[in-house]
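Structure first, then comments.
The values are calculated or read from the model by the stated rules, or taken from the named source; none is laboratory data. As the structure is a computational prediction, the values presented were derived from the model and not from experiment. Don't worry about glycine lacking a Cβ; one is built from the backbone with ideal geometry, like all the others, and counts go over all protein chains shown. These area figures cover heavy atoms from the full protein model, side chains too; ligands, DNA and RNA do not enter into them. Shrake-Rupley method; radii C 1.70, N 1.55, O 1.52, S 1.80 Å.
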Amino acid sequence: MMDLSPSVLGADLLHLGDEVKKVEQLGIRWLHLDHMDGHFVPNISFGPDFVAAIRRQTSLFLDVHLMLSHPLDYVKAYAQAGSDLITVHVEAEDDPEQTLRAIRAQGKQAGICIKPKTPPQAIEALLPLCDLVLVMTVEPGFGGQGMMQDCVEKLPVLREMIDRCGRPIRLEVDGGVKQENAGRVLAAGADVLVMGTGLFRAKDPAQVVAAVMEEARACGR
Ligand code: DX5
Ligand code: ZN
């Protein structure tokens, strides 16, 4: 079943508790938390204490996206903060295999992420260690950007790779997902959609959720 993973980066941070409740009331199961170090990406967001604060308030599945040059140094802190899934970039400076193993050793689900210019083949050998593959459809660092359409073409390739691997790996898309393009992304193979501004800044978020769920049903996800 398809999942929406609302990115807190698009939420009203001054009223975060209410924003999390809103997500729960919409019947959504996941929450996407973006962590940026000002080095791997040209922006800074929040750290493990932020995850811990959200964990205390909700039982949503916490989908943590680490945009860090050295994610290995922080795996333990993010795991102890209550993350359910920790995703790291294959382009980070730390060895991705070692980092994925460290995440699993903490008893957490592990994800691998590729930036727009990274080909799907870069992660094929890592799939046996992964529970999720995250495809960036914008250059990471900021919410509210437009989706890079050529990145969507990687999805069928990755879906096929995942099927070949034989593990139940989720395929998530992050960056510029809106009600208008969700159908195309789902049809291309995604089964988890990150939505920041597309959901939190929508006039009628319930209508957005209903429309995206309908698109998912239409293509069997
Ligand atoms: C960007 C982040 C995204 C971002 C998505 O680097 O990884 O998760 O918050 O926001 P929207 O959906 O607004 O593009
Ligand atoms: Zn993200």
The number of residues in region 112-171 that are more than 15 Å from the chain's Cα centre (by Cα), over 13 Å from Glu91 (Cα atoms) and charged (D, E, K, R) is 9
Does region 134-145 contain at least one residue that is within 16 Å of ligand 1 (Cβ to nearest atom), farther than 30 Å from Tyr74 by Cβ, open to solvent by 30 Å² or more (accessible area, probe 1.4 Å) and of a type outside the set (Phe, Trp, Tyr)? no
What's the total number of residues in region 174-191 that are surrounded by fewer than 21 Cβ atoms within 10 Å (Cβ to Cβ) and either polar (S, T, N, Q) or within 11 Å of ligand 1 (Cβ to nearest atom) (or both)? 3
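Yes or no, residue by residue, for (1) within 15 Å of ligand 1 (Cβ to nearest atom); (2) crowded, with 22+ Cβ neighbours inside 10 Å; (3) more than 24 Å from Pro120 (Cα to Cα):
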position: Asp12; (1), (2), (3): yes, no, yes
position: Leu16; (1), (2), (3): yes, no, yes
position: Lys21; (1), (2), (3): no, no, yes
position: Asp34; (1), (2), (3): yes, yes, no
position: Asp37; (1), (2), (3): yes, no, yes
position: Phe50; (1), (2), (3): yes, no, yes
position: Arg55; (1), (2), (3): no, no, yes
position: Leu62; (1), (2), (3): yes, yes, yes
position: Leu100; (1), (2), (3): no, yes, no
Select from region 192-214 the residues that are surrounded by fewer than 20 Cβ atoms within 10 Å (Cβ to Cβ) and either away from ligand 1 (no atom under 16 Å from the Cβ) or part of a strand (DSSP E or B) (or both) and list them in ascending order. Asp204, Ala206, Gln207, Ala210, Met213, Glu214
